[in-house]
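**Q** Could you have a look at this structure, given as structure tokens, before my questions?
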Amino acid sequence: MAAALELDRVSKTWGAMRAVDNVSLRIEAGERVALIGASGSGKSTLIRIASGLALADPTSGGVRSFGLGVQDKGKLSSEVRRARRQIGLVFQQFALVGRLTVMTNVLVGVLGRISRLRGTLGLFNDDEKRTALAALAEVGIAQHAGKKARELSGGQQQRVAIARALVQGAKLVLADEPIASLDPKSAKRVMDTLVTMSRDHGIALVVSLHQVDYATAYFDRVIAMNAGRVVFDGPASRITSAFLTELYGASAEELILPSQFAVPAAAVLETTSSEPVS
């Protein structure tokens, strides 16, 4: 089976800075992986390269998702539109249109499957609307479908973005610092939702995180980056304060500071529907 994501010797240079330096990775279908690193380590740039939102250097190899080319040698592949249809993106700042309803923001997920005219005019059919409402119910916010996106809390807006990926039919979700701007309760809810989505639908999930305790609580595999390079790729059980200090030196302090609450091991087993709606 083709990998959900495969990066081959990928690099990215911004001016004199090498943001990503010769990174090769393989993420299997349905696999859940945490990407950690201090500020400036290259996590966000790597996710943008993986999705085709940023072009790698011309000296780089390729990026493929489920056998389809995203880019190669710094140029977008002819298959990139097909590849992007199965790659869902979740950003720190939600990437929603605040003046549109929650339902309409989720329906954006079908744009890759309908005509440009229907998409431009917002002509979504009943089946598409039912799918969107079911996705909102799955992430626990169906009751907010008619509200403007800007009326929701940060955690609720992030769950709208996750519902959009479900409606898209994504087989791979790349989430870039999805809980960085959330309070602890909302952060836990969003992480529960992401992991439950991945588990229940067999969706591969890559989440970049600044909070290492979330990485070890929710993921079996952790990839650590430093100065644009992968410095560790292995089991989450090996990630300890001492090991992080070994990898990052003084910079490890921003990664190993304890969260404001402890993430219970049982959290990963909870479904979003079993929690009270907030």
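**Q** Do the sum for the chain: with -39,500 (n - 2.57) for every DSSP H run of n ≥ 4, divided by all residues, what is the mean residue ellipticity at 222 nm, to the nearest 500 deg cm²/dmol? Let's see the in-between values first.
**A** Details: 10 runs with 91 residues, N = 278.
So the calculated ellipticity at 222 nm is -9500 deg cm²/dmol.
**Q** Full-extension gain between SER78 and GLN143, please, as 0.36 nm times their residue separation minus the C-alpha to C-alpha distance. Each step should come with its number before you reach the end.
**A** Details: separation 65, 0.36 × 65 = 23.40 nm, distance 4.04 nm.
Full extension of this stretch gives 19.4 nm more.
**Q** Taking a probe of 1.4 angstrom, what is the accessible area of HIS210 in Å², to the nearest 10?
**A** Surface accessible to solvent at HIS210 totals approximately 50 Å².
**Q** Along the three principal axes, how long is the chain when you take its alpha carbons, biggest first, rounded to the nearest angstrom?
**A** Taking the Cα atoms of the chain, the three principal extents are 53, 45, 35 Å.
**Q** Among THR131, THR196, THR13, whose mean-square fluctuation peaks in a Gaussian network model of the chain (Cα, cutoff 10 Å)?
**A** With Cα springs under 10 Å in the chain, the top fluctuation among THR131, THR196, THR13 is at THR13.
**Q** What do you reckon, how do ARG118, ARG221 stack up by accessible area (1.4 Å probe), largest on top? Write out the running numbers ahead of the final one.
**A** Numbers: ARG118 65, ARG221 40 Å².
Final ranking, largest accessible area leading: ARG118, ARG221.
**Q** Continuing with this model, one more query. Which whole number of Å³ per residue matches the convex hull of the alpha-carbon atoms in the range 101-240? Could the numbers behind the result be given before it?
**A** Values: hull volume 18.3 nm³, N = 140.
Normalising the Cα hull of the range 101-240 by residue number yields 131 Å³.
**Q** Please report the spacing between the Cα centers of the range 155-207 and the range 10-59 in Å, no decimals.
**A** Result: 20 Å between the Cα centres.
**Q** Compare ARG116, ARG85 by solvent-accessible area with a 1.4 Å probe and give them largest first, with all protein chains kept in place. Please report the intermediate quantities before stating the final value.
**A** On the way: ARG116 190, ARG85 110 Å².
If we order ARG116, ARG85 from most to least accessible, we get ARG116, ARG85.
**Q** Mind putting together the pair-distance distribution for the range 59-108? All Cα pairs, 5 Å bins, whole percent per bin, short to long.
**A** Calculated over all Cα pairs of the range 59-108, the distribution is 5, 18, 19, 16, 14, 14, 10, 3, 1 percent.
**Q** Follow-up. With charges only on Cβ, +1 for K and R and -1 for D and E, what is the dipole size of the range 134-263 about its Cα centre, in debye, rounded to 20?
**A** Numbers: 13 positive and 13 negative charges, 105 e Å.
About 500 debye.
**Q** Let me know the number of lysine pairs in the chain closer than 29 Å at the Cα, not counting same-chain pairs under 8 apart.
**A** So the count works out to 23.
**Q** Ranked from the most accessible area to the least, with a 1.4 Å probe and all protein chains present, what is the order of THR45, THR59, THR104, THR193?
**A** Order by accessible area, largest first: THR59, THR104, THR45, THR193.
**Q** Specify the longest stretch of the chain that does not include any exposed loop site, a site being one of the GluC sites (Glu not before Pro) with a non-H, G, I, E, B DSSP assignment and at most 16 other Cβ atoms within 10 Å.
**A** Numbers: sites that count: GLU28, GLU79, GLU270.
With a cap of 16 other Cβ atoms within 10 Å, the longest stretch comes to 80-269.
**Q** Now, a different point. Mind running the shape call on the range 1-160? Use the C-alpha gyration tensor, a ≥ b ≥ c as the square roots of the eigenvalues: rounded below 1.5 for a/c, prolate if a/b tops b/c, oblate otherwise. The partial results should precede the final answer.
**A** Details: a/c = 2.16, a/b = 1.71, b/c = 1.26.
Prolate, because a/c is 1.5 or more and a/b exceeds b/c.
**Q** Which value, in Å² rounded to 10, gives the accessible area of LEU46 with a 1.4 Å probe and all protein chains present?
**A** 10
**Q** Tally up the carbon and sulfur contribution to the accessible surface of the range 63-202 as a whole percent, 1.4 Å probe, everything protein left in place.
**A** Numbers: 3250 of 6250 Å².
Using a 1.4 Å probe with all protein chains present, the range 63-202 comes out at 52 percent carbon and sulfur.
**Q** Pull out the extension gain between ARG199 and ASP126, defined as 0.36 nm times the separation in residues minus the alpha carbon to alpha carbon distance; nm, one decimal. Can you show the working numbers first?
**A** Working: separation 73, 0.36 × 73 = 26.28 nm, distance 2.75 nm.
Net length gain for the segment: 23.5 nm.
**Q** Could I ask something else about it? Please identify the trypsin sites (Lys or Arg not before Pro) of the range 1-56 that satisfy two criteria: DSSP loop assignment and at most 14 other Cβ atoms within 10 Å. Which are they?
**A** On the way: sites: ARG9, LYS12, ARG18, ARG26, ARG32, LYS43, ARG48; in loops: none.
For trypsin sites (Lys or Arg not before Pro) across the range 1-56 that sit outside H, G, I, E and B with at most 14 neighbouring Cβ atoms in 10 Å, the list is empty.
**Q** For the range 125-243, what does the accessible surface come to per residue with a 1.4 Å probe? Please give it in Å².
**A** Working: 4320 Å² over 119 residues.
With all protein chains present, the range 125-243 gives 36 Å² per residue.
**Q** Taking the Cα centre of the range 55-104 as the origin and placing charges on Cβ (Lys, Arg +1; Asp, Glu -1), which of VAL70, ILE87, VAL97 is farthest toward the positive end of the dipole?
**A** Of VAL70, ILE87, VAL97, it is VAL97.
**Q** Determine the dipole magnitude for the chain: charges of +1 sit on the beta-carbon of Lys and Arg, -1 on that of Asp and Glu, nothing else is charged, the reference point is the Cα centre, and the result goes in debye to the nearest 20.
**A** Numbers: 33 positive and 26 negative charges, 224 e Å.
The dipole of the chain has a size of about 1080 debye.
**Q** Could you tell me the accessible area of ASP72 in Å² (1.4 Å probe, neighbours in place), rounded to the nearest ten?
**A** Per-residue accessible area (ASP72): approximately 70 Å².
The values are calculated or read from the model by the stated rules, or taken from the named source; none is laboratory data. Here the structure is a predicted model, which means the values were calculated and not measured. Methodologically, a virtual Cβ is constructed for each residue, glycine included, from the backbone with ideal geometry; neighbour enumeration extends over all protein chains shown. For the accessible areas, the whole protein counts, side chains as well, though only heavy atoms, and no ligand, DNA or RNA atoms are used. Shrake-Rupley method; radii C 1.70, N 1.55, O 1.52, S 1.80 Å.
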